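Contents: one structure, followed by commentary.
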Amino acid sequence: MEKTGDLSAGLKKISWAETYMPVLSIIKQDFLERKPLKKIRISATLHVTKETAALIKTLSAGGAEVFLTPSNPLSTDNDVAAALREIGVHVMAWRGMSNEEYFSAIDWALSQKPNIIIDDGADAIVSYHEKSEAFQVFGALEETTTGVRRVKALEEKKALRFTVIAVNNAKTKWLFDNRYGTGQSALDGIMRATQILFAGKCVVVAGYGMVGRGIANRARGLGSKVIVTEVDPIRALEAVMDGYEVMPMLEAARRGDVFITATGNKNVIDINHFEVMKQGAILANAGHFDVEINVKALYAIASNVREINSCTEEITLKNGKKVYLLAKGRLVNLVCASGHPSEVMDMSFSNQALCTEFLVNTQPKEKKLIEVPEEIDKKVAWLKLKAFGVEIDKLSYEQEEYLASW
Ligand code: NAD
Ligand code: ADE
């Protein structure tokens, strides 16, 4: 696999993303004038996309020196990595890294003794905690649901060594990025890899969190019949009342044409499910790690594996049926497409930029997972509304008094 990219294409991609990231652009301009991150060293473990480049340029505009590594071995856009190197960012990333290369890139970034760690999935935060010689950091920021869960586990074991801000939990992140971002980009990934028609297909979505419901909603919008599988009774009930069929995976496995996992859990689709699937079933994952579809077991029951294209493998099972695995079970939206659209990453990464400044200014001493300050979440929402040209009503004095009167 190619390790280098096309610099000029990368610069154009980044400029395209910035056009559609108006909130981050405002923050970048402000950072450029105030330099709030002067002399700050940041290690960023993020999908190396054009949107991430816009964030890194914002942090650099604020005066930070950034060391960038990918948060998935297959999600790097080599053109973007080349462009970032050209503008002075330290990048160790290429598409198709081995697991060893992936973790040694993280080690390299941590060896730069960053003041702040920005992470997506918590591999960098966990790697830091596995090191015996501790260097001091002001804190870290975590981008995704699975990463927040991993940090929470460290906190519960009393092993967490610094403050981590759960950027994922900002309302202007999870309500939009997880839902509308993944809803669109996961289907985009499946379409780019397979060119299938969604209309009339039976799409099985595992997990009805924000990611699952975004995907289910968009698949229905394309004319698919959608089945949801869940383990949480309340979320299952929500899916029922949103109009989806809900059933155990074993039953759904016999009916689905396309399967998309979005649970943050492992072996959600396993041998007993593969064995009853229809000829031609397509398997894709939108959850953070490549464990949601039991890929090892799938290969183990295969009589033949053939690459159809760089994203799609045809797996002939010993029972004679063929199923298709996308992105080797890794994040389908980032491996087979370009991740979330810039407009939605505008909000996620504006939270990242503003929370970075918050960590630098406050240097909190608590070894805790904390939420994004409400002022930051609201600021991102206001700026995004402004960028959309949308105005909203304001409470009158009389209304404020009324609401406060109970
Ligand atoms: P969430 O925890 O809110 O939702 C996951 C849902 O899956 C829960 O309702 C849970 O009950 C359900 N679930 C767990 N095990 C299950 C099982 N065996 N079968 C069926 N359902 C099961 O999480 P979320 O915010 O929706 O995120 C889901 C995953 O997607 C996480 O790994 C997250 O990190 C990742 N994510 C990916 C992207 C992307 O770009 N692809 C973007 C955001 C989040
Ligand atoms: N996660 C999902 N989509 C992304 C994107 N476009 N850039 C960075 N991280 C992402």
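The values are calculated or read from the model by the stated rules, or taken from the named source; none is laboratory data. This structure is a prediction, so every number in the text was calculated from the model and none was measured. Cβ sites come from the backbone with ideal geometry, for glycine too, and all protein chains shown count toward neighbours. Areas reflect the complete protein model, heavy atoms only, side chains present, ligands, DNA and RNA absent. Shrake-Rupley method; radii C 1.70, N 1.55, O 1.52, S 1.80 Å.
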Self-check item: Residues of segment 73-92 satisfying the condition of being touching a helix residue (DSSP H, G or I) at 6+ places or on another chain (Cβ under 6 Å), open to solvent by 10 Å² or more (accessible area, probe 1.4 Å), under 25 Å from P36 (Cα atoms) and part of a helix (DSSP H, G or I)
Solution: E86
Self-check item: Filter pass, L11 being more than 12 Å from ligand 2 (Cβ to nearest atom) and open to solvent by less than 10 Å² (accessible area, probe 1.4 Å)
Solution: no
Practice problem: Only residues that are within 16 Å of ligand 2 (Cβ to nearest atom) and of a type in the set (S, T, Y): list them for segment 318-342, please. | Solution: S338, S342
Exercise. Might you check whether a residue that is in contact with a Ser or Thr (Cβ under 8 Å, 6 or more places away or on another chain), part of a helix (DSSP H, G or I) and either hydrophobic (A, V, I, L, M, F, W, C) or more than 14 Å from ligand 1 (Cβ to nearest atom) (or both) occurs anywhere in segment 322-340?
Key: yes
Practice problem: Tell me which of these A216 doesn't satisfy, since it passes every other one: (1) open to solvent by 30 Å² or more (accessible area, probe 1.4 Å); (2) part of a helix (DSSP H, G or I); (3) more than 16 Å from ligand 2 (Cβ to nearest atom). | Solution: (1)
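Just wondering, is there one or more residues in segment 289-304 that are open to solvent by 70 Å² or more (accessible area, probe 1.4 Å), in a strand (DSSP E or B), on the phi < 0 side of the Ramachandran plot and free of Cβ contacts under 8 Å to residues at least 24 places away in the same chain?
Yes - at least one qualifying residue is present in segment 289-304.
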Practice problem: Take segment 28-60 and flag every residue that is open to solvent by 10 Å² or more (accessible area, probe 1.4 Å) and in a helix (DSSP H, G or I). | Solution: K28, Q29, D30, L32, E33, R34, K50, K57, S60
Quiz prompt | Answer from F259, F289 - the residue that is among the hydrophobic types (A, V, I, L, M, F, W, C) and within 11 Å of ligand 1 (Cβ to nearest atom) | solution = F289
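Among I315, I392, I370, which is modelled with pLDDT of 95 or more, under 30 Å from K152 (Cα atoms) and either away from ligand 2 (no atom under 16 Å from the Cβ) or open to solvent by less than 90 Å² (accessible area, probe 1.4 Å) (or both)? I'd like the intermediate steps shown before the answer.
Values: I315 fails: under 30 Å from K152 (Cα atoms); I392 fails: under 30 Å from K152 (Cα atoms).
Only one candidate qualifies: I370.
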Quiz item: Got at least one residue in segment 196-205 being open to solvent by less than 20 Å² (accessible area, probe 1.4 Å), of a type outside the set (V, I, T) and assigned to a helix (DSSP H, G or I)?
Solution: no
Exercise. Could you figure out which of (1) in contact with a strand residue (DSSP E or B) (Cβ under 7 Å, 6 or more places away or on another chain); (2) more than 12 Å from ligand 2 (Cβ to nearest atom); (3) at pLDDT 95 or above; (4) over 22 Å from E374 (Cα atoms) isn't true of A186?
Key: (2)
